[in-house]
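Participant: Below is one structure. I have some questions about it.
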Amino acid sequence: MKKDKKKIEEKVIDASGRTLGRVASEAAVSLQGKDKATFERHVYSGAKVKILNAAKLRITDKKLSEIFHTRYSGIPGGLRILSGRYTKDTKGLPELIRLAIYRMLPNNKLRRIMMRNLKIEK
């Protein structure tokens, strides 16, 4: 018995001149497959998403200082609160986009699969 291989298309998003939230929300919707009529919550039916020109993202210094995320090392007292400015300086804007998309996806077993289908290019 042959299995039907579904062709997964690739969606390309150009981030130059766009804001962080707009790019991240468009990518999250495409990764979940909510823009398709065949959407099912328990099955991965999304598209592969490629984000181009991540370094040309439009984000102000005030917004970078307002963005915070946490990192936990696993030991008591190991919780670090990092600002968006620190993340931009150390890892760049692609990492900020990745974190924003990660938080927009549902917190279930499919999140890891969805994040594997995300490619961000500078």
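Participant: How much length is gained if the chain between residue 79 and residue 41 is pulled fully straight, taking 0.36 nm per residue apart and subtracting their Cα-Cα distance, in nm to one decimal?
Facilitator: Contour length minus Cα-Cα distance gives 10.4 nm.
Participant: Of the chymotrypsin sites (Phe, Trp or Tyr not before Pro) in the range 9-116, which ones lie in a loop per DSSP and count no more than 13 other C-beta atoms within 10 Å?
Facilitator: Hits after loop and neighbour filter: 39.
Participant: Take every Cα pair under 8 Å in the range 1-101 that's 6+ residues apart, average their separations, divide by the length, and report that relative contact order as a whole percent.
Facilitator: 29
Participant: As an exercise, identify the GluC sites (Glu not before Pro) in the range 12-81 lying in DSSP coil whose Cβ has no more than 11 other Cβ atoms within 10 Å. Could you put the intermediate results ahead of the total?
Facilitator: Working: sites: 26, 40, 66; in loops: 40.
Those satisfying the criteria are 40.
Participant: With just the Cα atoms defining each centre, how far is the range 67-101 from the range 21-57? Give it in Å.
Facilitator: Distance between centres, Cα-based: 22 Å.
Participant: P(r) tail for the range 25-80, what percent of Cα pairs lie past 12 Å?
Facilitator: 76
Participant: While we're on this one: Let me understand the chain better: what is its radius of gyration from the alpha carbons, and its Dmax, in angstrom?
Facilitator: 16.2, 58
Participant: In the structure displayed, which of 34/56; 63/119; 11/91; 36/88 lie more than 30 Å apart, Cα to Cα?
Facilitator: The pairs that break the limit, which is 30 Å between Cα atoms, are 36/88.
Participant: Among DSSP beta bridges lying fully in the chain, give the percent that are antiparallel, nearest 5.
Facilitator: Details: 5 of 13 bridges.
About 40 percent, rounded to the nearest 5.
Participant: How large is ³J(HN,Hα), in whole Hz, for each residue of the range 92-105 in order, when computed from phi with the Karplus curve 6.51 cos²θ - 1.76 cosθ + 1.60 and θ = phi - 60°, using x for Gly and Pro?
Facilitator: My calculation for the range 92-105 gives x, 5, x, 5, 5, 5, 4, 5, 5, 5, 4, 6, 7, 7 Hz in order.
Participant: How charged is the neighbourhood of residue 35? Take every other residue with its Cβ under 12 Å from the Cβ of residue 35, and add Lys/Arg as +1 and Asp/Glu as -1. Display every interim value, and only then the final one.
Facilitator: Values: positive: 11, 34, 36; negative: 9, 26.
Taking every other residue near residue 35 into account, the sum is +1.
No lab work stands behind these numbers, since they all come straight from the coordinates. Since we're looking at a predicted model, the values are computed, not measured. As a convention, Cβ positions derive from the backbone with ideal geometry for all residues, glycine included, and neighbour counts pool all protein chains shown.
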